[in-house]
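J.: Below: one structure in structure tokens.
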């Protein structure tokens, strides 16, 4: 895969986020906070982790 320019990277991040949200949409609310999805982390914990690191990535690219 050839290197991406900044706009292509942002588009890829947006598309990836959209796919993730679509995959999570069918889950009931209580499933989002149930611990143990990955160690003691819930789906919400994992999403917060991903969002934090995505923000760090975007900041680093600016």
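J.: Please go through the range 16-35 and pick out each residue that is more than 14 Å from residue 54 (Cβ to Cβ), out of contact with any helix residue (DSSP H, G or I) (no Cβ under 8 Å at 6 or more places or on another chain) and in a helix (DSSP H, G or I).
T.: The answer is 22, 23, 29, 30.
J.: Just a yes or no: is a residue in the range 46-60 in contact with a strand residue (DSSP E or B) (Cβ under 8 Å, 6 or more places away or on another chain) and in a helix (DSSP H, G or I)?
T.: The answer is yes; a qualifying residue exists.
J.: Name the single residue that is modelled with the lowest pLDDT among those in the range 36-45 being surrounded by 10 or more Cβ atoms within 10 Å (Cβ to Cβ) and part of a loop (DSSP other than H, G, I, E, B).
T.: Across the range 36-45, the extreme among qualifying residues is 37.
J.: Next question. Return the only residue of 9, 50 being touching a helix residue (DSSP H, G or I) at 6+ places or on another chain (Cβ under 9 Å) and at pLDDT below 85.
T.: Of the residues listed, the single one that is touching a helix residue (DSSP H, G or I) at 6+ places or on another chain (Cβ under 9 Å) and at pLDDT below 85 is 9.
The values are calculated or read from the model by the stated rules, or taken from the named source; none is laboratory data. In this text, all values refer to a predicted model and were calculated from it rather than measured experimentally. As a convention, Cβ positions derive from the backbone with ideal geometry for all residues, glycine included, and neighbour counts pool all protein chains shown.
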